[in-house]
Structures are given as structure tokens and as C-alpha cells.
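S.K.: To start, I am sharing the structure in question, which I have written as C-alpha cells.
Just so it is clear, none of the values below were taken in a lab; they were calculated from the coordinates. Note that the structure is a prediction, hence the values are computed from the model and not measured. Note that we place each Cβ from the backbone using ideal geometry, even for glycine, and neighbour counts take in every protein chain shown.
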Amino acid sequence: MRLLCRVTLAGLIGLVVAGIAHAENTADAAALKARFETMGEQLRSSPFGRPVVLESAERPDALVGDIYAVLEHPFARVSAALDDAPAWCDVLMLHLNVKRCTVAGRGATSTVAIRLGRKHDQSVTDAYRLEFAYGVPASTSDYLQVQMSAASGPLGTRDYRIAFDAMPLPDGRSFVHLTYSYGYGLAARVAMLGYLSTLGRSKVGFSNAPGASAEAPRPVAGVRGLIERNTMRYYLAIAAYLDAASLPEPQRLERRLHDWFEATERYPRQLHEMDEAAYLEMKRAELKDNPRAPAVLPPEGALSPLGAARR
């Protein structure tokens, strides 16, 4: 009898937890649909040359970047491509500062570990390890939600979060939402401000600073500009990954690299760091040594670089 009661109790708890999770996922899906319905004009008149809306917030102890966008891919393709931890390594490795990405475990117990370093050549062993707990809280025929979280990061940063959700649109495209955020204390803030006053002093974001106008635009700088630049880089990596997904496997990597670089160069004031030849050389070397790299890398001349970066 006691065993039966325990089994019954465990089953009830499981049903309650499942019910709570289902309710949360349903609410998240409804919230995403509501956002799409309220930002139609923002998407149509986006200054990015594509249907993208970027939002950011600088809080006393955290930075948050959000991108809402319409992708020219059906939801089934988006969901199939990104409902998988190893795929996110392919996405994250496009970023300049991600030097290595590996996946351990499977399903809800997966971890995605990346090494963050300087944008130029740097030994992987000298790069900072950031380990994300990976999960897919929702994956249905009309809603996908992926979440990655890391408790700690470099220079005293903490509570890293990458969240992605997507839904189908009636016209066969997909509406997606990407969040990139992290928290920080005094030491991390001092380090970030030190960077922004020296090497990063000319860096800006995309949003207009307080007091600016359409007639006299002035992009945000400082830590808010920092979160906007990286959120955009990660979003462009997702777009590049999906755009190359339909190609034969040997062609996908080089196409992703080229498309990501070309997309960032559309916003040179915010995102330009090096020319394409240097970027391709750096990434080819990193991916060659990365356990997640494809078995066969395309030859270096498979896709001619753009040459000097556009300014």
C-alpha cells in the first residue's frame, strides 16, 4: 500500500509539474504572438534593411538585449534546425569572440561550453570557459523555445542567458525572438568601463541615445552599446546558419562564414572589426581544431573573400 501511495504521489507530482510547464510554455507562445501583432509597423520600417526590431536595457546590475525578427524560412525548418544543442555550437562559433564550442550530454541534460577570447588569434587554453545549461522547454508544431544559461562568466559577470523562441506566420515565414543578457557586479562594471574608455571608446550601438532624434541621431555608447552589438552578432549568426542549412554539407560552413561576415559589414560603424580575409583565416583555424567542426572543411579558396571591408 505504501509503495502504491508513493507511486501515485510521484505520478501526481509529475502531472502537476508537467501542467505548470505546459501553462508557462503556452503563456510564452501567447506573449510572442502578441508581440508580433503589436510591432508590424516597426518590422516593416526597420532601419536595418530587414524586418528586425532591436531593444536593449541597461539596469543597475544587468544588461539585456532583445531582437524580434521575421525570417524567410518556414517554421518547420527553423524548429528542425535549432532544436538541437550541437546546432547552437555551429551558430555561436560564427561570433568573433567564440573560439571553441563543445556539447556534452543529451537532451535536457546537455551543456554547451564555449571559450571566449579576443577577436584576433588567441590560444584556446587562454580563452575563458563559459558553460551553458541547455534546454528546450517547448517544441511543438507551432512554437519552439530554447534556453541556455550560465551562472558565471569572465571578469565577475554572471547569470548569462541566451533564449530563443519562434512561431510560424501565415505566409510561411517565421517570427523569432532572441534574448542575450548577463549580470555584473562592481568589478565587472569597472572592467567594462575600462575597455569602453580605451580600446572600445569609439564603439556605439544601434539605438538612439536619450535626447537624440531622427533629425540629429546619436547612437548609444557605453555598456548599452556593448550589449546591442553582441545581440545583433548572435542574431545574424542564427540567420546565417539557417540560410546555409539547405546547402550540401560540405558547402555549409564556408557559406555561413561568408554570410555572417557580409551581414555584419552592413553595419560597419557598430560591427566592423577586421576584413573578411582575416576573419575567414581566423575561423578556419579555430574550426579546424574544434571537436564540433565538420569532418571536411572546404578549401580556403572555395569562396573568395570580399577583400577590403566596406567603410
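S.K.: In whole angstrom, how far apart do the alpha carbon centroids of the stretch 261-285 and the stretch 23-82 sit?
M.R.: About 25 Å separates the Cα centre of the stretch 261-285 from the one of the stretch 23-82.
S.K.: Checking the a/c ratio against 1.5 first, then a/b against b/c, what shape does the Cα gyration tensor give for the stretch 152-259?
M.R.: It is prolate, given that a/c is not under 1.5 and a/b is the larger ratio.
S.K.: Give me the compactness ratio for the stretch 218-272, meaning the Cα radius of gyration over 2.2 N^0.38 Å. Can you show the working numbers first?
M.R.: On the way: Rg = 13.1 Å, N = 55, 2.2 N^0.38 = 10.1 Å.
Rg over 2.2 N^0.38 Å, computed on Cα atoms: 1.30.
S.K.: Also: Please work out the C-alpha center-to-center distance from the stretch 130-149 to the stretch 153-195 and express it in whole Å.
M.R.: One Cα centre to the other: 14 Å.
S.K.: What distance in nm separates the two pseudo spin-label positions at residue 216 and residue 39, each 7 Å out from Cα along the beta-carbon direction?
M.R.: According to this spin-label approximation, the distance is 2.9 nm.
S.K.: Could you calculate the FRET efficiency of residue 289 with residue 251 from 1/(1 + (r/R0)^6), where r is the beta carbon distance between them and R0 is 25 Å, rounded to 0.05?
M.R.: Result of the calculation: an efficiency of 0.75.
S.K.: Using 0.36 nm times the number of residues separating residue 152 and residue 57, minus their current alpha carbon distance, what extension gain do you get?
M.R.: This chain segment gains 32.2 nm when fully extended.
S.K.: HN-Hα J couplings of the stretch 145-155 from phi, Karplus 6.51/-1.76/1.60, θ = phi - 60°, integer Hz, Gly and Pro as x?
M.R.: 9, 10, 9, 9, 9, 9, 6, 9, x, x, 6
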